[in-house]
Amino acid sequence: MTAILIAVDIQNDFCPGGRLAVPGGDQVVEPVNRLIEAFPHVVLTQDWHPEGHGSFASGHAGRAPYETIALPYGPQILWPDHCVQGTPGADFHPNLWANRAELVLRKGYRREIDSYSAFFENDRATPTGLAGYLRDRGFRRVVLAGLALDFCVLWSAEDARRLGFEAVVVEDACRALDVDGSAADARRRLTEAGAEIATVGDIVGVPA
Ligand code: VGL
Ligand code: ZN
C-alpha cells in the first residue's frame, strides 16, 4: 500500500531563535529530509495565522503565553504570536527539502479558531480537506514527522486514526514543546489512538 509522508510545521518560528521555538526543533530537518528522499509522495503542513489570531496571548488582556483559556470550541492554550502569514517566521526552515512536496496544506488561517491537526481545526469537526485529498488519491497510510510532537503531530495522528487511516509517527524526526507534561502524554495518546511509533531507520532502512 502506498504511504504518504506528512511533514508537519517545520517552520522558522518553531525552530531555535523563532517565536515559538520547540527545543531542538531544527534537528528534525535532517531526518525529515531523509524521509522526503525516501517517499514518492510528500505533503507539507504550514501553520499560517493572520495577525491577531485568537490563539495569541497578546490579544487576551491579562493573559500570558502557555495559559489555557476556554473558547467556544473548548480549551485553548495561548501561544506567543507565531507563524504570521507572510512573515519569515512562517517560512519553512531554509534547509528543509520542501520542493518535493505535492501539497502544502496551510492551517490556522481563521482568526477565531486554531488548527493543530492537518485534518480538522481545533473544534475537531471543521475539516481542512486533507482527508478527501488523501482518499481521492488512494492513500490509506500516513507517515508523520515534524513539529511539535505533542501538538500538531499528535493531533494529526489522532485524527488520521479516527478517519480510518493507518498512521505512523517517526519519533526521532519529531521534537516536542512539552507544556505541562504534554510530551509524555503524547506517547500515551498516540498508542491509545492506534498509531505506530517508528524511527527513521525503521522506515528508510539503515545503511549497510
Ligand atoms: C503548533 C502550537 C501552536 C504546532 C502550532 O505546530 O505544534 N503548536 N501552533
Ligand atoms: Zn499555531
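The values are calculated or read from the model by the stated rules, or taken from the named source; none is laboratory data. Bear in mind that the values here come from a model prediction, so they are computed numbers and not experimental data. In this analysis, Cβ positions are derived from the backbone assuming ideal geometry, glycine residues included, and neighbour counts consider all displayed protein chains.
Looking for whichever is of a type outside the set (A, V, I, L, M, F, W, C), crowded, with 18+ Cβ neighbours inside 10 Å and more than 15 Å from the chain's Cα centre (by Cα) here; the options are HIS53, HIS82. Which one fits?
On inspection, the qualifying residue turns out to be HIS53.
Provide a single number: the residues in the range 41-67 that are hydrophobic (A, V, I, L, M, F, W, C) and closer than 22 Å to TYR133 by Cβ.
Residues flagged as hydrophobic (A, V, I, L, M, F, W, C) and closer than 22 Å to TYR133 by Cβ within the range 41-67 amount to 4.
From the list ASP180, ASP81, which one is over 13 Å from ASP47 (Cβ atoms) and either modelled with pLDDT under 95 or charged (D, E, K, R) (or both)?
Checking each option against the conditions leaves just ASP180.
Being among the charged types (D, E, K, R), in contact (Cβ under 8 Å) with a residue 60 or more places away in the chain and more than 25 Å from THR199 (Cβ to Cβ) narrows it down to one residue among ARG111, ARG140; which is it?
Testing whether each residue is among the charged types (D, E, K, R), in contact (Cβ under 8 Å) with a residue 60 or more places away in the chain and more than 25 Å from THR199 (Cβ to Cβ) leaves just ARG111.
Is it the case that VAL200 is in contact (Cβ under 8 Å) with a residue 40 or more places away in the chain, more than 14 Å from ligand 2 (Cβ to nearest atom), of a type outside the set (Asp, Glu) and touching a Pro at 6+ places or on another chain (Cβ under 6 Å)?
yes
Looking at the range 1-86, what strands (runs of 3 or more DSSP E) fall wholly within it and have at least 2 residues that are touching a residue at least 40 places away in the same chain (Cβ under 8 Å)?
Once the strands (runs of 3 or more DSSP E) in the range 1-86 are filtered for at least 2 residues that are touching a residue at least 40 places away in the same chain (Cβ under 8 Å), what remains is 3-8, 42-47, 74-77.
Among the residues of the range 124-131, is there at least one that is within 16 Å of ligand 1 (Cβ to nearest atom) and at pLDDT below 95?
yes
Got a number for residues in the range 147-164 being within 20 Å of ASP136 (Cα to Cα) and either within 16 Å of ligand 2 (Cβ to nearest atom) or surrounded by fewer than 24 Cβ atoms within 10 Å (Cβ to Cβ) (or both)?
Number satisfying all stated conditions: 6.
Applying the selection to the range 184-208, what residues are closer than 16 Å to GLU30 by Cβ and either touching a Gly at 6+ places or on another chain (Cβ under 7 Å) or buried (at least 16 other Cβ atoms within 10 Å of the Cβ) (or both)?
VAL200, ILE203
Check the range 129-147 and report whether any residue there is in a loop (DSSP other than H, G, I, E, B), under 23 Å from PRO75 (Cβ atoms) and touching a strand residue (DSSP E or B) at 6+ places or on another chain (Cβ under 9 Å).
No.
If you go through the range 98-109, how many residues are away from ligand 2 (no atom under 12 Å from the Cβ), assigned to a loop (DSSP other than H, G, I, E, B) and surrounded by fewer than 18 Cβ atoms within 10 Å (Cβ to Cβ)?
The number of residues fulfilling the criteria is 1.
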